[in-house]
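Notes follow once the structure below has been shown.
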Amino acid sequence: MESKEVREKFLKYLEKKGCKITPSASLVPENDPTTLFTSAGMQQMVPYLLGEKHPLGARIANSQKCFRAKDIEEVGDLRHNTFFEMLGDWSFNDFFKKEQISWIFEFLTEEIGLDPKRLYITAFRGSPQNDIPKDAETVEIWKELFKKNGIEAKEADFSEKNGMKEGERIFYYDENKNWWSRSGNPENMPEGELGGPDSEIFWDFGEELKLHENSPWKDQPCHVNCDCGRFFEIGNNVFMQYIKEQGKIRPFSKKNVDFGGGLERIVAASQSSPDVFKTDLFLPVINHIEKISEKKYAGSESENDKCFRVIADHIRAAVFLISDGANPSNKAQGYFTRRVIRRAVVKAQKLGINENFMARSAEIAYNIYDGIYDFPKQKVEEELEKEESKFRKTLAEGLKRFNNLVSENADSGKKLLRGSESFYLYQSFGFPKELIQELAAEEDFEFDEKGFDNEFLKHQELSRTASAGMFKGGLADAGEQTTKLHTAAHLMLAALRSVLGSHVSQKGSNITAERLRFDFSHPQKVTPEELEKVEALVNEQIAEDIAVEEKEMSLEEAKNQGAVGAFENKYGEAVKVYTIGGFSKEICGGPHVKRTGELGAFKIIKEESSSSGIRRIKAVLN
Ligand code: GLY
C-alpha cells in the first residue's frame, strides 16, 4: 500500500471512532521554548494531556511531521530517518486501553491488511522501585485480540540472553524500553512531566533477515528489540497516566492515550520491504540520485548504498526544515539544517556528484507529498542552493586536507585526529564537527573530541578578546561585559527552570568580565542534552532581541506576578523586577542590558557539582 493510502486510511478510520483530525504542527515548535524540534506527536498535545480543553474535543487523530536530530548519524541503515511522519491518535482522558488496542489492531490487520501472525507485542514489566505495576491489563487485551484471529499469543518475561522461544509473541520489558515520556525513563523525567507504560507493536519481516549467509546475527539469540533486522517497531501505545511530582512517579488524575505509528515503517511493512528507502516515500529520490550519479542503488550494506540512503533522507529533511523556517545557519535549528545539507553533499561527492544538486532535487520531494503539504518552493530552493554553493567552495580542499591528515597520521602509526587538526577542518572548510567525527570513524581514526572543544573555546576567547579590544578605542570595558553576563544569568535561570523543572532556584552567582558562574538547586547531574537545550533556549532569546524591562513594585506584587529571586528579608520594601518578554521575570538590583540582542552568543563551558544538591555552571558570552 502506498503512503498516501495508509495516511488517509488511518485518519478516516479514526474519524469513524469519533476522533477529530488536526493538521500537523510545525517542525519548529511554536510557544515551546523547551525543545528545538517537534520530535514526537506529543509535543503540541502537552497542554491537553495535562487537562486543558482541546477545542476539537477529547479524541484527536493526526499525522505529525517529526525531526529527530539525535538520529542524524544513525541514518544510513535500512530503517533510520531524521524526518518522518508519526500517525497519532489521542485520548484526553476519554477512551483508554481497551478501545485503543482494539482499534490499532483492527486498523493494522483489516484496513492495512497486515497479517496478524507477523505482529509481535511488548509491554511494561513494572517497576518495583517506582511502585509502578506490571501492565498485565494491556497484555490480556492483546491476547484476546490474537485469539479471535486464531492465534494463541504466549507471553514471556523476557531475557535477552536466551532470546525468544517458539510461540512467544508478547514480551515484557523494563522502564528503559517500555516506559515512555519525552525525557525517557522515570528517573529522567523532570517535575511535572507526564509519562506512562508503553506497549509497542513490531512487524516480523521474516527469519531470512537474520539467518542470511553474511548476517552477523546468525547465531545470536533473537528478540523483537535486537538489531538483526528481522523485527521492526511500527507503532507504540503510550498510556499517559502518571506524572512526576516531588521526585516521585504518581498516578495522574487523567488517563490519556498517545499512540504513535511510524508512517514510513507501516508503509514498509505493508510493502514487505525491510528497506524503507524502497517504498514510495523515498524511491523517487533514490531514482533521481541514480540518474545524476549514474550509479545503481541495491539496498545493500555497501558504502555507496549507504550514501544513497543518507542523501535521500537528508534531502527530504532539509526541504521540510527550511519550509518550517529553519534556514541553514550556525545557530539553533539552523545548525541542524546545515548539518544535514553538508552531510548529504559529502555523501553525494562520494557518489561522484560534483555539482550542486540539492535545489534541483527538491522538486522530487515536493511530489511525494503532493496534496498533503505545501512548500514555499522558491525559498526552499534558494536556501538549498546558497548553502550547497557555500560548502562546495571549500569541500574539495577540505576533503583533500582530511585525506592528507589521515595518510600522514597513519604513516606515523597514530590513528588519531588531533583537536587542532579537526578544528582546522571546521574553521577553514566549514565541516561540521559531527561530520568530521563521522569521516574519522570511517577511516578507523580516533577523534579527539575534547581537543576539538578546547580549540573551539580557545578560538572563541580569542575572537572575544579581539572584539572587546576594538571596542572603545582599544579599552575593553569590563563593566559592560559583566552587565551582559548578568542578563545572561537571568536568561539561564529561566532556561534551567524550563528544561529541568521549577524546583531549580538560584543558590549563588559570581560574575567576572570573562565568565559567569552560577549555582542552583538540582538533585542530579545535568545531562549534555539538557545543557544543550538550556544553551539553545538562551540563544533563542538573544536572537529574538527582546527588550529588558525594569520596574519597581512592592514585594507582594512581584510575587503575584510570578517573579523569581530573593524574597527573604525584603518585606515591606519596594523591589526592582526585571522582565525579559514572557521568558524571565526576576527580582534583582540590576544593572542589565537594554535588549537581549546585545549579548552575543551564549555558551556553557562547564557543569559540575558545587555541594550536595547544588550544581554549578560556568558560561561565557562571545
Ligand atoms: N507515542 C509516543 C511516541 O513515540 O512519540
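The values are calculated or read from the model by the stated rules, or taken from the named source; none is laboratory data. On a predicted model such as this, the values are computed, not experimentally measured, just so you know. Ideal geometry is used to build each Cβ from the backbone, glycine not excepted, and the neighbour counts take in all protein chains shown.
Before moving on, here are some points about what is shown:
- Counting only residues that are among the aliphatic types (A, V, I, L, M) and within 13 Å of the ligand (Cβ to nearest atom), the stretch 30-59 holds 5 of them.
A quick yes/no check of all residues on (1) closer than 30 Å to residue 248 by Cα; (2) part of a helix (DSSP H, G or I); (3) in contact (Cβ under 8 Å) with a residue 40 or more places away in the chain:
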| position | (1), (2), (3) |
| --- | --- |
| 107 | no, yes, yes |
| 110 | no, yes, no |
| 113 | no, no, yes |
| 123 | yes, no, yes |
| 129 | yes, yes, no |
| 134 | yes, no, no |
| 137 | yes, yes, yes |
| 142 | yes, yes, yes |
| 145 | no, yes, yes |
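- If the condition is being away from the ligand (no atom under 16 Å from the Cβ) and either surrounded by fewer than 23 Cβ atoms within 10 Å (Cβ to Cβ) or part of a strand (DSSP E or B) (or both), then the stretch 253-276 contributes 253, 254, 270, 271, 272, 273, 274, 275.
- Being of a type in the set (A, V, I, L, M, F, W, C), buried (at least 16 other Cβ atoms within 10 Å of the Cβ) and over 13 Å from residue 490 (Cα atoms) is a condition met by at least one residue of the stretch 569-577.
- Only residues that are polar (S, T, N, Q) and within 15 Å of the ligand (Cβ to nearest atom) were counted in the stretch 83-110, giving 2.
- Of everything in the stretch 220-233 that is assigned to a strand (DSSP E or B) and within 16 Å of the ligand (Cβ to nearest atom), the residue that is surrounded by the most Cβ atoms within 10 Å (Cβ to Cβ) is 232.
- Scanning the stretch 563-575 for residues that are over 38 Å from the mean Cα position of the chain (by Cα) and in a strand (DSSP E or B), we see that the one that is modelled with the lowest pLDDT is 574.
- Flag if residue 308 is surrounded by 18 or more Cβ atoms within 10 Å (Cβ to Cβ), in contact with a Phe, Trp or Tyr (Cβ under 8 Å, 6 or more places away or on another chain) and without any contact (Cβ under 8 Å) to a residue 60 or more places away in the chain: yes
- Going through (1) closer than 30 Å to residue 536 by Cβ; (2) of a type in the set (Gly, Ala, Ser); (3) within 16 Å of the ligand (Cβ to nearest atom) one by one, residue 26 falls short only on (3).
- When we screen 236, 330 for residues that are surrounded by fewer than 16 Cβ atoms within 10 Å (Cβ to Cβ) and free of Cβ contacts under 8 Å to residues at least 60 places away in the same chain, the only hit is 330.
- When the stretch 148-160 is filtered for residues that are crowded, with 20+ Cβ neighbours inside 10 Å and among the small types (Gly, Ala, Ser), only 153 remains.
- Qualifying residue in the stretch 68-76 (condition: at pLDDT 90 or above and either assigned to a strand (DSSP E or B) or of a type in the set (Ser, Thr, Tyr) (or both)): yes
- Residue count for the stretch 61-82 under the criterion of being more than 15 Å from the ligand (Cβ to nearest atom), more than 17 Å from the chain's Cα centre (by Cα) and of a type in the set (A, V, I, L, M): the result is 1.
- Residue that is surrounded by the most Cβ atoms within 10 Å (Cβ to Cβ) [pool: residues in the stretch 96-147 that are of a type in the set (Lys, Arg) and closer than 24 Å to residue 15 by Cβ]: 97
- Candidates 299, 371, 325 - the one that is part of a loop (DSSP other than H, G, I, E, B), under 16 Å from residue 76 (Cα atoms) and of a type in the set (Gly, Ala, Ser): 299
- Single residue of the stretch 156-180 satisfying the filter (free of Cβ contacts under 8 Å to residues at least 24 places away in the same chain and part of a strand (DSSP E or B)) that is nearest to residue 45 (Cα to Cα): 156
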